[in-house]
1. Could you check, for region B:447-465, whether at least one of its residues is under 22 Å from residue B:401 (Cα atoms), assigned to a helix (DSSP H, G or I) and either among the hydrophobic types (A, V, I, L, M, F, W, C) or away from every other protein chain (no Cβ under 14 Å) (or both)?
2. Could you list, in sequence order, the residues of region B:399-415 that are touching a residue at least 40 places away in the same chain (Cβ under 8 Å), closer than 27 Å to residue B:216 by Cβ and either among the aromatic types (Phe, Trp, Tyr) or out of contact with any Leu (no Cβ under 6 Å at 6 or more places or on another chain) (or both)?
3. Name the single residue that is nearest to the other protein chains (Cβ to nearest Cβ) among those in region B:155-185 being over 30 Å from residue B:203 (Cβ atoms) and assigned to a loop (DSSP other than H, G, I, E, B).
4. Look at region B:350-359 and say how many of its residues are facing chain A (nearest Cβ under 9 Å) and in a loop (DSSP other than H, G, I, E, B).
5. Give region B:30-72 a look and list any residue that's buried (at least 19 other Cβ atoms within 10 Å of the Cβ) and touching a residue at least 60 places away in the same chain (Cβ under 8 Å), or say none.
6. Cβ-Cβ distance below 9 Å, separation of 6 or more or different chains: which pairs start in region B:427-439 with a residue that is within 12 Å of chain A (Cβ to nearest Cβ) and in contact (Cβ under 8 Å) with a residue 60 or more places away in the chain and end on one that is in a strand (DSSP E or B) and charged (D, E, K, R)?
7. Just need a number here: residues in region B:153-165 that are surrounded by 15 or more Cβ atoms within 10 Å (Cβ to Cβ) and within 19 Å of residue B:196 (Cα to Cα).
8. Using the structure shown, decide if residue B:398 is within 23 Å of residue B:70 (Cα to Cα) and either of a type in the set (Phe, Trp, Tyr) or out of contact with any helix residue (DSSP H, G or I) (no Cβ under 6 Å at 6 or more places or on another chain) (or both).
Amino acid sequence: MAKGRFVLRYRGEGVVPDADVTRVQQLPGAVVVDSSARMLVVEADAGPLRALVDGLPDWVLAPEQAFVVPDVRQKIERPPT
Amino acid sequence: MTNGAESGQYVLLPRQGLRAKGTTASPEAQEFLRMADAPGPQAVAVDGGQVSVQVIDSIGPDGAKLVELAPEDVLALRAQRPDLRLVPVVYYQPAVAPPQHIESGVTGKGAAAAADITLQVVSKKGSAPIANAFVVAFVDFKARTGAQGVTDEDGNVSLALGQASIKLQRLYVYPLDAHWSIIKKNLTVKTGTQVVLTPLDLGYTDGLRHFYGNAAEGVGAGVTVGVIDTGVAAHPDLVIAGGANTVPGEDPKDFGDNGKSHGTHVAGIIAARGTPPTGLRGVAPGVKLMAYRVFGKNQGSASSFAIAKAIDKAVADKCDLVNMSLGGGQPDPVMKAAIDDAWAAGTLCIVAAGNDDRSPISFPAFEDTALAVSATGRKGTFPTSAAAADEVAAPYGTDKNNFIAKFSNVGPQMDLTGPGVSIMSTVPGSYAEISGTSMACPAATGAAARAIAGTPVIKMKRNARRTEAIVKAVLAAAKPLGFGPTFEGLGISEAQ
């Protein structure tokens, strides 16, 4: 299974529990590539990571995705042939 | 009292979660949800009276209620009871594949080889060539076929249109700065054809200045506003108090413009301190402006992680309002959590509804812990030759010169509208005219700053109650322009 890139966010009280972070870091094949005070960016197989986070009730998991600034400029969808 | 418009079904919930309990719901919200456990008519207290609610079903004494409400009562509840959430009932249907369709290309006559046509874009002022203008040439507008490109230093752009001379249904030119955009229809072009753009006049009354004038110095003082965007450039009209760059791998202190100008334009709409005709003035020039760059250098997209991190940073920096002129894509639980956490910490996110031509409001604007903003335009606040002229569409307001921009998304989660058609603002080293809910959003954010500046709300403890008070003050300042709630929410802010 191909790895995906996911963002985990801690919603619990206080600081992020070290034990939770350790469990994510120790997930086979998972790599924590970035972090902030309340979040981790993890490259991992989706299934095992979701299963792990399901057991961590204070965490939210989502695939990392890209957002754009909305643009109103007209655009060509198909060039002339 | 109803005005004859049909009632709609909504789920009425406490601000957080499905049940009103503990510290997550106000005592008033808990009391109402407990009282309204049985089907039948109920009343919700609002300032100066009450709103009639027909309870259809309940998921328990302290739980969410399925209710029916008249449109005006929806507006009253949203404006005056931000401790309660009203979510339109959504009926899901099986997904079906859209029908296939064919887009036809432009075929050159005779020989198959395509020919390029070189157009030149010049300024009306001295015929100076205009570089970096985005030129879009439609041979068939409906089929979206044609060619596009960006002008070089000589103002030239080479377009592969397949013929040495061709009739365009539409030609759009969007300059990077300093000039009005232009639309031309039914124009025959060939190499050497010149397109002449008119320079911006900073003393012109555009849509922003029509609705908000030129604010006095200091308007908005005491309010801290964060701009989560492409960064904000140093500019003579802008005072940037601080910020951060949350793009992975980039300097955290580099919150300057990423080369796309968007964030600098947004910031100017909120807080520019210039004086026309040599500069521009934003809606609330006295605010403390914070810049959070979430788009990498010259990048057009930002990661959900960078955005969520920027929201956290804005909360940590004690921003009262956060402007997010971005969105689209799939709902993201992590970004929603960041917006919810901001709400719980006393910071309100105000988000552009999106520019997908009357499509449903984009994520995250539609989230109930953010305010969604549509784009209003006004005839006479841009040249009739500007590209924005193409965005005039029904519905028109009580004043028939006002309209909701054709590009603006719409929906029942709309909270406010703001001027977003052909708006002049700051860009790196210059000024530019741009349209979008991206521009309407900071207009609404600036007006929100006006609404809360100098009020007791600013001194409240930073928690959900504070955010509820901000929302109440912001929405109380809104007045409808006559488009209807789906298009404008409670209307446009008239905060002074």
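The values are calculated or read from the model by the stated rules, or taken from the named source; none is laboratory data. This structure is a prediction, so every number in the text was calculated from the model and none was measured. As a convention, Cβ positions derive from the backbone with ideal geometry for all residues, glycine included, and neighbour counts pool all protein chains shown.
1. Scanning region B:447-465, I find at least one residue that is under 22 Å from residue B:401 (Cα atoms), assigned to a helix (DSSP H, G or I) and either among the hydrophobic types (A, V, I, L, M, F, W, C) or away from every other protein chain (no Cβ under 14 Å) (or both), so the answer is yes.
2. B:399
3. Checking each candidate, the answer is B:162.
4. Our first condition is that a residue be facing chain A (nearest Cβ under 9 Å); within region B:350-359, this holds for B:352-356.
Restricting the remaining residues to those that are in a loop (DSSP other than H, G, I, E, B) gives B:353-356.
Residues that pass the stated criteria total 4.
5. B:69, B:70, listed by residue number.
6. Filtered contacts from region B:427-439: B:438/B:229.
7. Looking only at region B:153-165, we keep the residues that are surrounded by 15 or more Cβ atoms within 10 Å (Cβ to Cβ), and these are B:155-163.
Okay, now just the ones that are also within 19 Å of residue B:196 (Cα to Cα), so B:155-159.
Qualifying residue count, region B:153-165: 5.
8. Judged against the criteria, residue B:398 is a match.
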